[in-house]
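What follows draws every value from the coordinates through simple rules; no lab data is involved. Since we're looking at a predicted model, the values are computed, not measured. Glycine gets a Cβ as well: all are built from the backbone with ideal geometry, and neighbour counts include every protein chain shown.
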Amino acid sequence: MSDLTPYEALIWTSSHGTAFHHFPKNIERSLKENTNENKNIISKIEINAVPGRQTKNLFVAEMTQNFWSIPDETKRINVILMGDNDIRSNDYLGASRVEQNIGRIIELHKGSRHGLIVCGLLPSPATWKENDFLFHRVSNRLYKQVESANSNPLGRRIAFLKTIHVFTGENGLLDAENLFERDLIHLQQEGAYKLAKHLVDNIILIANTFTQHGFNGWT
């Protein structure tokens with residue numbers, strides 16, 4: 001299989017990714033609007049969204065089963081896009097669970113022909129004052145795990161994507177009024193578009209960097 005074979009991308013997320021919260025149509029819009037001359041490196045982007053999803057063992061098991069069922073002729077980029085459900089429901093235990101289980105997903109992708117993009121957590125203004133420390137702790141530790149994996153040739157198709165800046169205004173604070181619904185958790189139309197555009201633009205950019213790593217040990 002040529003290393004120039006396009007990737008399929010699959011975004012694993014929670015209720016943020018559902019049609020009710022404007023996400024699929026904005027992914028489609030962002031794909032159409034993207035002007036990168038190498039955008040065909042991504043053949044399609046699909047979404048696996050489960051409302052209330054947390055980074056539990058069940059999620060890792062589902063991803064692992066799906067990973068090993070990818071057809072031989074297919075190249076995949078899995079995108080992990082989680083909110084703060086784990087932290088909101090389990091505080092420090094939830095934060096530790098995210099770090100541990102995303103680490104297992106990173107290990108799963110090492111040495112594979114498939115790529116992995118780990119996104120920083122999606123913020124919620126509703127719980128930001130209580131959870132901002134844990135939010136930043138988890139995102140920073142996920143970044144460090146990706147950087148550690150990426151230092152080895154087996155992890156060269158693993159990347160981290162920052163997201164927090166998508167949701168902040170010029171004052172550096174979360175733009176709750178313009179980007180979030182009244183529940184201060186989910187995104188309204190403009191917020192969903194900004195997130196989708198950020199994801200699409202960077203998935204394409206990152207996919208092109210993945211094709212430059214011609215390591216012969218991919219499985």
Cβ charges +1 (Lys, Arg) and -1 (Asp, Glu), total dipole of the chain, debye: 440 debye
Potential lengthening between residue 62 and residue 164 on full extension [0.36 nm per residue; Cα-Cα distance subtracted]: 34.1 nm
Options (1) 0.97; (2) 0.99; (3) 0.95 - which one matches Rg/Rh (Cα atoms, Kirkwood Rh) as calculated here: (3)
Residue-averaged [θ]222 nm for the chain, counting only DSSP H segments that reach four residues, each worth -39500 (n - 2.57): -14500 deg cm²/dmol
Span from the segment 156-195 Cα centroid across to the segment 9-69 one, whole angstrom: 16 Å
Length released on extending from residue 212 to residue 151, taking residue separation times 0.36 nm less the Cα-Cα span: 20.4 nm
Calculated FRET value between residue 44 and residue 69, using beta carbons and R₀ = 22 Å, to 0.05: 0.80
Positive-end residue of 165, 206, 5, charge dipole of the chain with Cβ unit charges: 5
Calculated FRET value between residue 91 and residue 184, using beta carbons and R₀ = 22 Å, to 0.05: 0.75
Gain on full stretching of the segment that runs from residue 132 to residue 36 - 0.36 nm per residue minus C-alpha separation: 31.1 nm
